[in-house]
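The values are calculated or read from the model by the stated rules, or taken from the named source; none is laboratory data. All figures in this text were calculated on a predicted structure; none of them were measured in a lab. We place every Cβ from the backbone using ideal geometry, glycine too, and count neighbours over all the protein chains shown.
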Amino acid sequence: MPAPASAQQTPQIEESFATALIRDALLAVNHANLTGNYTTLRDYASDTFHDANTATDLAVLLQRVRAERLDLLPVLSVEPVLSTTALSLDRSIMRLSGHFPLQPRSITFDLEFVNQNGRWLIYGLAVGAFDTPAPTSAVDTPAPSE
């Protein structure tokens, strides 16, 4: 007899695999922005993403990221902070969102991947940045004089 729905566990996503998918997708966006060629990003994604977006559509959608000259390469050097890791009930769609805590700007992402022919491919994406407050250092307070 199957376990009741309340007892079933939510599918888990292996964190290192999620990180690899995130980095891979963001680097594809970075290459597209640097070269101005969004065809490869489009072809690299799922059939659904490909069919819904022309290369021109992607250039327009990513124009703000490009205009801000947001370099996504630093995502290779720091671990992401994941706020959402979710699998659809049929385990065919994965959503990963969060940010990379970088200075002076953190890189945000909200990505969806679909399992197509045994590979996780981009299904939806949003990328941005926000200013990261500079780390504060403890100020040494002189001891009170006696």
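Could you tell me whether any residue of region 129-136 is small (Gly, Ala, Ser) and at pLDDT 95 or above? Write out each step before concluding.
Step one: list which residues in region 129-136 are small (Gly, Ala, Ser), which gives 129, 134.
Then keep just the ones that are at pLDDT 95 or above; that gives none.
No, region 129-136 contains no residue that is small (Gly, Ala, Ser) and at pLDDT 95 or above.
Assess whether His50 counts as being in contact with an Asp or Glu (Cβ under 8 Å, 6 or more places away or on another chain), without any contact (Cβ under 8 Å) to a residue 60 or more places away in the chain and at negative phi.
Numbers: in contact with an Asp or Glu (Cβ under 8 Å, 6 or more places away or on another chain): yes; without any contact (Cβ under 8 Å) to a residue 60 or more places away in the chain: yes; at negative phi: yes.
So His50 passes the test.
For (1) outside any loop (DSSP other than H, G, I, E, B); (2) farther than 29 Å from Pro133 by Cβ, each residue gets a yes or a no:
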{"site": "Gln12", "(1), (2)": "no, yes"}
{"site": "Leu21", "(1), (2)": "yes, no"}
{"site": "Ala25", "(1), (2)": "yes, no"}
{"site": "Asn30", "(1), (2)": "yes, no"}
{"site": "Leu34", "(1), (2)": "yes, no"}
{"site": "Leu41", "(1), (2)": "yes, yes"}
{"site": "Thr48", "(1), (2)": "yes, yes"}
- Item | Residue pairs meeting the criteria (Cβ under 8 Å; at least 6 apart or on separate chains; first surrounded by 10 or more Cβ atoms within 10 Å (Cβ to Cβ), in region 1-24; second modelled with pLDDT of 95 or more and in a loop (DSSP other than H, G, I, E, B)) | Thr19/Glu79; Thr19/Pro80; Ile22/Pro80
- For region 48-73, enumerate the residues that are modelled with pLDDT of 95 or more and either charged (D, E, K, R) or in contact with a Phe, Trp or Tyr (Cβ under 7 Å, 6 or more places away or on another chain) (or both). Thr48, Phe49, Asp51, Ala55, Asp57, Leu58, Ala59
- Where a residue in region 61-73 is closer than 12 Å to Ala129 by Cβ and among the hydrophobic types (A, V, I, L, M, F, W, C) and its partner, wherever it lies, is modelled with pLDDT of 95 or more and part of a helix (DSSP H, G or I), with Cβ under 6 Å and at least six apart: Leu72/Leu26; Leu72/Asn30
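Can you tell me which residue is nearest to Gly36 (Cα to Cα) among those in region 49-89 that are of a type in the set (D, E, K, R) and more than 18 Å from the chain's Cα centre (by Cα)? Spell out how you get there, then give the answer.
Filtering region 49-89 for residues of a type in the set (D, E, K, R) gives 51, 57, 64, 66, 68-69, 71, 79.
Checking the rest, the ones that are also more than 18 Å from the chain's Cα centre (by Cα) come to 51, 57.
Values: Asp51: 20, Asp57: 12 Å.
My answer is Asp57.
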- Only one of (1) surrounded by 17 or more Cβ atoms within 10 Å (Cβ to Cβ); (2) assigned to a strand (DSSP E or B) is not met by Val65, so which one is it? (2)
- Residue count for region 83-119, restricted to those that are assigned to a loop (DSSP other than H, G, I, E, B) and not acidic (Asp, Glu): 10
